[in-house]
Amino acid sequence: MAFPRLGHIAVTTGTPQIGVGAALLGTVLARAMGIATETAGIDWGELLVQVVLAAIAVALVAGVGGRRSVTHR
């Protein structure tokens, strides 16, 4: 594996796959909302929807799977 760990979130947790899946879902959502997704340049509206969905999905997964109780003495 080229990148065994990205920060504190391991690649093996599926975080990158969740981010990519959410970004693809963002394209579907952007089209359903009527945001232009096939322009000559960068589709900023579509990109915004993709990034927001991916960030939310990764944050949810990292929050659920990333919390571990540590006792400090």
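Considering only residues of segment 25-54 that are of a type in the set (A, V, I, L, M) and without any contact (Cβ under 8 Å) to a residue 12 or more places away in the chain, which is farthest from G14 (Cα to Cα)? Steps first, please.
Keep residues of segment 25-54 that are of a type in the set (A, V, I, L, M), which gives 25, 28-30, 32-33, 35-36, 40, 42, 47-49, 51-54.
If we keep only those that are without any contact (Cβ under 8 Å) to a residue 12 or more places away in the chain as well, we get 28, 32, 36, 40, 42, 47-48.
On the way: V28: 21, A32: 27, A36: 30, A40: 33, I42: 28, L47: 22, L48: 22 Å.
Per the stated criteria, the residue is A40.
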Exercise. Which one of R73, R68 is in a loop (DSSP other than H, G, I, E, B), at pLDDT below 60 and open to solvent by 50 Å² or more (accessible area, probe 1.4 Å)?
Worked result: R68
Seminar exercise, completed: Within segment 19-50, the residues that are hydrophobic (A, V, I, L, M, F, W, C) and either crowded, with 17+ Cβ neighbours inside 10 Å or more than 27 Å from V61 (Cα to Cα) (or both) are A22, A23, A30, I35, A36, A40, I42, V49
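Report yes if A22 is of a type in the set (G, A, S) and modelled with pLDDT of 85 or more, otherwise no. Spell out the reasoning first.
Details: of a type in the set (G, A, S): yes; modelled with pLDDT of 85 or more: yes.
Spelling it out, A22 is indeed of a type in the set (G, A, S) and modelled with pLDDT of 85 or more.
The values are calculated or read from the model by the stated rules, or taken from the named source; none is laboratory data. Keep in mind the model is a prediction, meaning the values are calculated, not measured. Every residue, glycine as well, gets a Cβ built from its backbone with ideal geometry; the counts of neighbours run over all protein chains shown. Surface accessibility is based on the protein's heavy atoms, side chains included, excluding ligands, DNA and RNA. Shrake-Rupley method; radii C 1.70, N 1.55, O 1.52, S 1.80 Å.
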